[in-house]
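Note sheet for the following structure.
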Amino acid sequence: MFLAITNTPRDYAWGSTTAISTLLGRRPSGRPEAELWLGAHPGSPSVVVNPAVVDGADTLADWFAAEPDRALGRGRSELPFLLKVLAADAPLSIQAHPTPEQARAGFAAENEAGVPIDSPTRNYKDPFPKPEIIVALSETFDALCGFRTLDETLTDIDRLDGGSGRLAPLRVLVETSLETTLARLFDGSDESSRIVADVSELARGVEGPSASISTVADLASRYPGDPGVVISLLLNHVTLRRGEALFLPAGNVHAYLGGLGVELMAPSDNVLRGGLTPKHVDVPALLEVLEFAPLPVPYLRPVETARGVERFDPTGVGFALLRVDAGGTGAVVQIGGPSIMLVTEGEVQVKGQDGVIRLATGESAFVTPDEVRLAVTGGGTLYVATPA
């Protein structure tokens, strides 16, 4: 069975005022629209368009609460993933997510300490990890992800310095270790404040800057005095083209800078932030979860599993994202359980064993667990989030 679903975009300050409304074919609200959540997460469960067909379940959370035997894993009556449309018109915070073991330990420790679950200083809102996939829908999607090599960082530091010697303290610091560098940048000392100020000032004067230095200059104008400005210099800068994807596992420090994308993640709220945000930053907790080894850009390449069907499938996360282009011949999609479908371009018809649904650009639907094989026709692009 298919249930048409919808939701109200979340109006975080970094969101675009037009990208999500354009995708949905709606009039812009006039406010930033940052994320459209599609799933059963209690923070913003999808609304069932016609609840009468499912005994009055107004949201997917209601549906799963009424059908607890249909939940998959995690010990909760909800989907094992959350699908989002993410529209960034300004940078998100520098952040990382915990491993399953770190999430369980952190959640238990904060419970034992009596930190309220809704406290703004709480790090662990649940005992689960939050690996995530992002696929670019816009022509380009910019992000920072993972620490780059020492040589790459030092090259940009020297270019910023321009022989002035002002960044000698930063160069010495970076040559110690990444962990020491981050701890020092957040220590609030006069030296760390001066490093941030000097990097910010010098970045504005570089002619023909690299992408990393351009990012530093932009962040410095948005977040003056924030250590995240300098931290961005330590990270890989990547520009995804439409249809390209990243996979951000536990420990990978990252920040989305701008663009429209489809994001698929575990349904967790555990975020350890490292700057570029007015929200809570817990430096010791962040340092505990970070992977400090230099990492290549974590591109996620899809695998063609059938004609017109590509599968983004990270190992061991419990979910996968399918991209379906039915073209003129149609496509057959195998799914692994209750799924979410979203059309990002054109129009498709999806037929299962228990019904048919037509979806146009921006429309989405929930696929109940009794469906295992979908026949897709039409001229659109369909994304399907499904258990792996």
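Values as computed for the structure displayed
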read-out: Yes/no for P284 being open to solvent by 10 Å² or more (accessible area, probe 1.4 Å) and either among the β-branched types (V, I, T) or within 12 Å of C145 (Cα to Cα) (or both); value: no
read-out: Qualifying position, being outside any strand (DSSP E or B) and over 30 Å from T180 (Cα atoms), among P314, P294, P278; value: P314
read-out: Test: V174 is among the β-branched types (V, I, T), at pLDDT 95 or above and under 18 Å from the mean Cα position of the chain (by Cα); value: no
read-out: Failed item, numbered, when E371 is tested on (1) open to solvent by 10 Å² or more (accessible area, probe 1.4 Å); (2) outside any strand (DSSP E or B); value: (1)
read-out: Helices (runs of 4 or more DSSP H) completely within the stretch 119-194 that count 1 or more residues being open to solvent by 50 Å² or more (accessible area, probe 1.4 Å) and under 26 Å from F247 (Cα atoms); value: 150-161, 178-185
read-out: Residues of the stretch 309-354 satisfying the condition of being farther than 21 Å from E244 by Cβ, of a type in the set (S, T, N, Q) and either at pLDDT below 95 or open to solvent by less than 10 Å² (accessible area, probe 1.4 Å) (or both); value: T329, S339, Q353
read-out: Scope the stretch 293-304; condition surrounded by fewer than 16 Cβ atoms within 10 Å (Cβ to Cβ) and either free of Cβ contacts under 8 Å to residues at least 40 places away in the same chain or not β-branched (V, I, T) (or both); matching residues; value: A293, P296, Y299, R301, V303, E304
read-out: Some residue of the stretch 23-38 being touching a Lys or Arg at 6+ places or on another chain (Cβ under 8 Å) and under 22 Å from G355 (Cα atoms); value: yes
read-out: Residue, farthest from the chain's Cα centre (by Cα), within the stretch 345-368, restricted to residues that are free of Cβ contacts under 8 Å to residues at least 40 places away in the same chain and assigned to a loop (DSSP other than H, G, I, E, B); value: Q353
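The values are calculated or read from the model by the stated rules, or taken from the named source; none is laboratory data. Small disclaimer: the values here were computed from a predicted structure and weren't measured. Using ideal geometry, Cβ is built from the backbone for each residue, glycine included, and neighbour counts are taken over all protein chains shown. Heads up: the accessible areas ignore ligands, DNA and RNA and are worked out on the full protein's heavy atoms, side chains in. Shrake-Rupley method; radii C 1.70, N 1.55, O 1.52, S 1.80 Å.
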